Amino acid sequence: MTESSRLTDRLKEAFPSLSPQLRLAARYVLNAPDDVALNSMRTVAAHAGIQPSTLIRLARELDYSGYAEFRKPFQQRLRTHGDRYADRARTLQARSDDRVDTLGPNLLQEIMQNGNLNLENTFSSTSDAELSELAILLDKARRIYVVGMWKYYPSHTICTMPSECF
């Protein structure tokens, strides 16, 4: 288990006993770990709608000396999972110039390997319990919608019916 996974588990365990402001901070950290890794404390606090001191208090509540130490596991997570699907897809797209002969005979195999690597990364960072819980939720769902996002910026199109999404 990675340090960021342990920190996430600790946040979830501590959540019920946190003050309302610390809960806001914890909820944001759990929902936007990349934001914590990439942005300053003030920026993260502004995005979360809290004061920067709340992030310091949250870090100390979880036995970190301060915010800088608290965000290190999230930064490490980005470093170790830097080989992301989108990056690999862009690399493959960059190789293409619409001429099949320049793509090489192994392109399909390479695309499949990249897809498999993405799945392996997903499963290696997700516990069996989390996958089981997800399977139960999906099984109970009447409808499942897939929303594409670009970094932190969700699509502004809200789909209430599948036909509206296309």
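Just a few scattered comments:
- Beta carbons closer than 7 Å, at least 6 apart along the sequence or on distinct chains, pair a first residue in the range 48-61 that is free of Cβ contacts under 8 Å to residues at least 60 places away in the same chain and farther than 11 Å from Ala26 by Cα with a second that is of a type in the set (Lys, Arg) and surrounded by fewer than 20 Cβ atoms within 10 Å (Cβ to Cβ) for Pro52/Arg42.
- Tabulated pairs, the range 1-29, first under 15 Å from Glu130 (Cβ atoms), second among the β-branched types (Val, Ile, Thr), C-beta under 8 angstrom, 6+ apart or interchain: Thr2/Thr80; Leu11/Val29
Here's the yes/no breakdown for (1) more than 20 Å from Arg6 (Cβ to Cβ); (2) surrounded by fewer than 18 Cβ atoms within 10 Å (Cβ to Cβ):
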{"site": "Gln21", "(1), (2)": "yes, yes"}
{"site": "Ala25", "(1), (2)": "no, no"}
{"site": "Ala32", "(1), (2)": "no, yes"}
{"site": "Ala37", "(1), (2)": "no, no"}
{"site": "Arg42", "(1), (2)": "yes, yes"}
{"site": "Ala48", "(1), (2)": "yes, no"}
{"site": "Ser53", "(1), (2)": "yes, yes"}
{"site": "Arg60", "(1), (2)": "no, yes"}
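- First in the range 128-144 and farther than 20 Å from Asp9 by Cβ, second anywhere and surrounded by 10 or more Cβ atoms within 10 Å (Cβ to Cβ), Cβ under 9 Å, 6 or more apart: Arg143/Pro162
- The range 112-154 - residue that is polar (S, T, N, Q) and more than 16 Å from the chain's Cα centre (by Cα) and, of those, modelled with the highest pLDDT: Ser132
The values are calculated or read from the model by the stated rules, or taken from the named source; none is laboratory data. Since we're looking at a predicted model, the values are computed, not measured. Note: ideal-geometry Cβ built from the backbone for every residue, glycine included; neighbour counts use all protein chains shown.
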